[in-house]
1. Between Phe218 and Tyr165, what length comes free when the chain is fully extended (0.36 nm per residue of separation minus the Cα-Cα distance, one decimal in nm)?
2. Hey, what did the stretch 104-247 get for relative contact order, percent, Cα under 8 Å, at least 6 apart?
3. Of the accessible area of the stretch 90-247, with the probe set at 1.4 angstrom, what percent is carbon plus sulfur?
4. Using 0.36 nm times the number of residues separating Glu63 and Arg95, minus their current alpha carbon distance, what extension gain do you get?
5. Suppose R0 equals 35 Å. What FRET efficiency, 1/(1 + (r/R0)^6) with r the Cβ-Cβ distance, do Glu227 and Glu76 give to the nearest 0.05?
6. Order the following by accessible area, largest value first: Val187, Val105. Probe radius 1.4 Å; ligands, DNA and RNA are ignored.
7. Provide the net charge surrounding Arg95, with neighbours chosen by a C-beta distance below 15 Å and charges set as Lys +1, Arg +1, Asp -1, Glu -1.
8. With N set to the residue count of the stretch 137-247, report its C-alpha Rg divided by 2.2 N^0.38 Å to two decimal places.
Amino acid sequence: MTTRTGRRRGPSLVGLAVALVASAGCVVGGASEPGGAPPPERPASGTPGAQSTRADGTTSVEEFQQDVADARSIAERYWSAQFRASGQAFQPIRRVLPYRRSGEVSCGGQEIPRNNAVYCSASDYIAYDVNWSFGAFRQIGDAFVFYLLGHEYAHGIQTRLGIRYNFTIQQELQADCMAGAFLGDSVRSGTLRLDDGDLEEFREGLLAVGDDPNQPWFAEDSHGTAEQRTDAFFRGYEKSLDACDLT
Ligand SMILES: [Zn+2]
């Protein structure tokens with residue numbers, strides 16, 4: 001994934017309405033569910049990246065950190081432009097916090113577990129387990145970082161729009177669609193350039209965060225099966241925000 005500064009355009013967000021509705025934090029990985037977490041980090045070896053699917057081949061901490069920062073700032077500019085096009089003021093998500101230990105970060109009094117990433121609406125921040133995310137970055141590729149930040153940023157947008165579904169899975173699949181729209185639009189506008197393998201990395205990432213197929217869809221922590229999440233993401237990626245029911 002390569003970033004580029006440049007003109008960006010995108011479809012306008014129709015029917016945008018900002019409401020003050022609090023929503024709970026939301027995880028991308030489902031740390032408590034065995035089927036929800038991405039595969040474990042590959043053991044360190046003398047040839048970092050040798051087993052990686054990443055076409056661009058680097059796996060350094062510095063690049064990971066740069067990707068997190070780029071994903072955040074591109075998401076910020078993207079959503080800011082969507083809100084502006086609808087004549088609405090936009091407040092970027094306040095903070096993006098790395099954490100390493102369970103309970104190091106809490107949201108509305110609830111401790112955030114390891115192996116996860118979450119948007120906390122109570123305090124308007126994104127928190128991500130830096131070891132877990134870096135492991136996924138090394139194993140899956142840099143596109144996963146853009147997906148992860150895009151998904152959590154989308155939860156912040158849902159909160160700003162007052163979108164609150166009855167079932168977690170609806171909230172989650174919409175966030176996947178919005179992450180897809182953000183990334184697809186950013187590629188179409190030239191803000192991001194896909195490197196070889198990036199689309200496959202998105203697929204691998206979505207496969208890794210899919211629910212166990214035996215989990216009931218209406219469960220409180222259901223995010224969708226890998227197939228549902230992949231469908232939602234690529235619907236947004238290909239058709240932009242019109243596909244995501246942001247009404
Ligand atoms: Zn989520």
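The values are calculated or read from the model by the stated rules, or taken from the named source; none is laboratory data. Everything numeric in this text was worked out from a predicted model, so none of it was measured. Note: ideal-geometry Cβ built from the backbone for every residue, glycine included; neighbour counts use all protein chains shown. What goes into the accessible areas is simple: the full protein's heavy atoms, side chains included, and nothing from ligands, DNA or RNA. Shrake-Rupley method; radii C 1.70, N 1.55, O 1.52, S 1.80 Å.
1. 17.9 nm
2. 24 percent
3. In the stretch 90-247, the share of accessible area belonging to carbon and sulfur is 46 percent.
4. Residue separation times 0.36 nm, minus the Cα-Cα distance, leaves 9.5 nm.
5. That pair, Glu227 with Glu76, gives E of 0.70.
6. Ranked from most to least accessible, the order is Val187, Val105.
7. Net local charge, Arg95 excluded: -2.
8. Ratio of Cα Rg to 2.2 N^0.38 Å: 1.01.
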